[in-house]
Structure formats: structure tokens, C-alpha cells
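Note sheet for the following structure.
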Amino acid sequence: MLLALIVFLSTCMHTPSDQPNDGPYVSPYDWNGLTANGDRLAYYEGGALCSDLGVDVSDHQGDIDWQAVARDGIDFAIVRLGNRGYTEGALYADEQAAANLDGAAAAGLETGAYFFSQATTEDEAREEAEFALALLDGRSLRLPVVFDHEPVPDAAGRANRIMGDELTACARAFCERIEQAGYATMIYGNKQDIARFGSNAFGNRPVWFAEYDVAVPTGQFDFDLWQYTNGGSVAGILTAVDLNIRFLAG
């Protein structure tokens, strides 16, 4: 067992890229090691498995049989805690948040959480963080709490024009409050979402990158998780579900 652990640690030691400001981006991952089996992805380095597989869920998925999910090879779950309304700005709890957090953990999955933000100010972002913490209610998480701030297709979206330093300040305010409570944090987005943030927006906080319908991800930045489809099929979940691959370092 010890030898196997040493081999794993030595083969999955990709590190964040350290790019010169004027040079082309080079990913820390060798995409030749990415394999697909149906809708399931896996990533290998030196012949060793250096990834695991997860879902992210909300009340859209309804009641979930988490034991069946675990038996279907899913390692982790990221659960929506709630959201802010994109027009009126009210805060809403996800109706399945508690059941999903507790059910996934009881089935042996690593759990994380996300909050769909429509914050327009730092104060609103801190308010969202407090709301998220109340919903977590002291639960232990193995994975981060994620700040998910996206423009909405409705022209009335209250936060659609928040970007650059304003958006960076919102993300920082949310994450700092969550971190004060003892949780790790992460930033979610696709290429367009990530581009909306100001420079040096994330500090050391990891990124959860969303990109569908590509053989390998094309984001020109480092990320720890890749949400690669919103059409996954998993036992115990009656709807289509987002699938995510997490890249593991030693």
C-alpha cells in the first residue's frame, strides 16, 4: 500500500503553470492522458489515474438516490445551496440542499457546495456568503464552497453589467467571509465568465471551469475541475446531470 501511494504521489505531481506575461499559455496537464468511456472521463499521468469524477446538483434534479450514485462510480458531489434572484435580488435556498449534502456524505462521496450569485456590491456578496453559511449549518465539507456569478440571458438581469474590478471585489468579499468560517473556496465559470473578472482576481483560489462539447478543454488558465457536460447520465438521478472531472495532484 505504501509503495502504491508513493507511486501515485510521484506521478500526479503536476503543478500550476508559471507563465511569463508575454508568453503563450501552457497547461499543467498533458491532454494525451485524457480518456473517455461513454460520458465518463478519466485522466492519467505515467499510467496512474490522476482524476476522479463528480456531479453537481440542485433541486432541478429532484430526489436523488445517493447510494445508487456512489455505486455508479461517482466520487464527489457539489451541491447548490441557493441563489439570488436575477431581477429582484431576493435570496432563495435550494429546496434539496440539506438532503443532497447529507445524502451524498452518507453515501461516502466527498461534498462541496456552490452559491449562484447575482451580487452587485461587496455588501451583497457578503450577504450571500452569510446566507450560504446558514444553509451549511456547520456541516463539514471535503471540497470548497464555490462562488458562481454568471450573466443571465434576460436583459433585466440585475448583475449582467457587473465585471472587472467590481466583480472581483464581489468574489473576494464572498470568499473571504466563507474562508473566515473555515471552508475553502473556489471560483466557477466558462471562458466568458472568467474573462469578466479583473486581473489577479482569484489569488490562490482554484477555478472550476465549464466547457462542453470539446475533446479537451481550451481555457487558457489553470483549473482544478472541469465541468465537461450538462447531459450526463448517472444511476440514482432521474434527470440529465452535470459531470465534472477533478484533476488530482499528489
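The values are calculated or read from the model by the stated rules, or taken from the named source; none is laboratory data. What you see is a predicted model; the values in this text were computed from it and never measured. Cβ coordinates were reconstructed from backbone atoms using ideal geometry, including for glycine residues, and neighbour counts include every protein chain displayed.
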Please specify each residue of segment 122-153 satisfying the condition of being among the small types (Gly, Ala, Ser) and buried (at least 19 other Cβ atoms within 10 Å of the Cβ).
-> Ala125, Ala129, Ala132
What's the number of the condition Ile78 fails, among (1) β-branched (Val, Ile, Thr); (2) farther than 26 Å from Ala235 by Cα; (3) outside any loop (DSSP other than H, G, I, E, B)?
-> (2)
Determine whether Arg177 is of a type in the set (Lys, Arg), at pLDDT 95 or above and within 16 Å of Tyr114 (Cβ to Cβ).
-> yes
A careful count of residues in segment 79-137 that are within 22 Å of Gln180 (Cα to Cα) and aliphatic (A, V, I, L, M) gives 16
Subset of segment 25-74, residues among the small types (Gly, Ala, Ser), within 28 Å of Leu101 (Cβ to Cβ) and surrounded by 14 or more Cβ atoms within 10 Å (Cβ to Cβ), comes to Ala42, Ser51, Gly54, Ser58, Ala68, Ala70
For Ala156, state whether it is modelled with pLDDT under 95, surrounded by fewer than 15 Cβ atoms within 10 Å (Cβ to Cβ), in a loop (DSSP other than H, G, I, E, B) and more than 16 Å from the chain's Cα centre (by Cα).
-> yes
The residue from Ala113, Ala125, Ala105, Ala98 that alone is touching a residue at least 40 places away in the same chain (Cβ under 8 Å) and either assigned to a helix (DSSP H, G or I) or under 24 Å from Val55 (Cβ atoms) (or both) is Ala125
So Val145 fits all but one of (1) out of contact with any helix residue (DSSP H, G or I) (no Cβ under 7 Å at 6 or more places or on another chain); (2) within 20 Å of Ala119 (Cα to Cα); what number is the exception?
-> (1)
Being outside any strand (DSSP E or B), farther than 14 Å from Ile74 by Cβ and touching a residue at least 40 places away in the same chain (Cβ under 8 Å) is the filter here, so list the residues in segment 218-241 that pass it.
-> Gln220, Phe221, Asp222, Leu238, Thr239
For Thr168, the lone unmet condition from (1) out of contact with any His (no Cβ under 9 Å at 6 or more places or on another chain); (2) assigned to a strand (DSSP E or B); (3) under 22 Å from Val207 (Cβ atoms) is (2)
Determine if segment 60-68 includes at least one residue that is within 13 Å of the chain's Cα centre (by Cα), of a type in the set (Gly, Ala, Ser) and over 27 Å from Ala155 (Cα atoms).
-> no
Please find, among Leu101, Leu135, Leu143, Leu109, the residue that is over 16 Å from the mean Cα position of the chain (by Cα), at pLDDT 95 or above and aliphatic (A, V, I, L, M).
-> Leu135
Matching entry among Ala119, Ala169 (being of a type in the set (Gly, Ala, Ser), closer than 20 Å to Arg84 by Cβ and surrounded by fewer than 21 Cβ atoms within 10 Å (Cβ to Cβ)) | Ala169
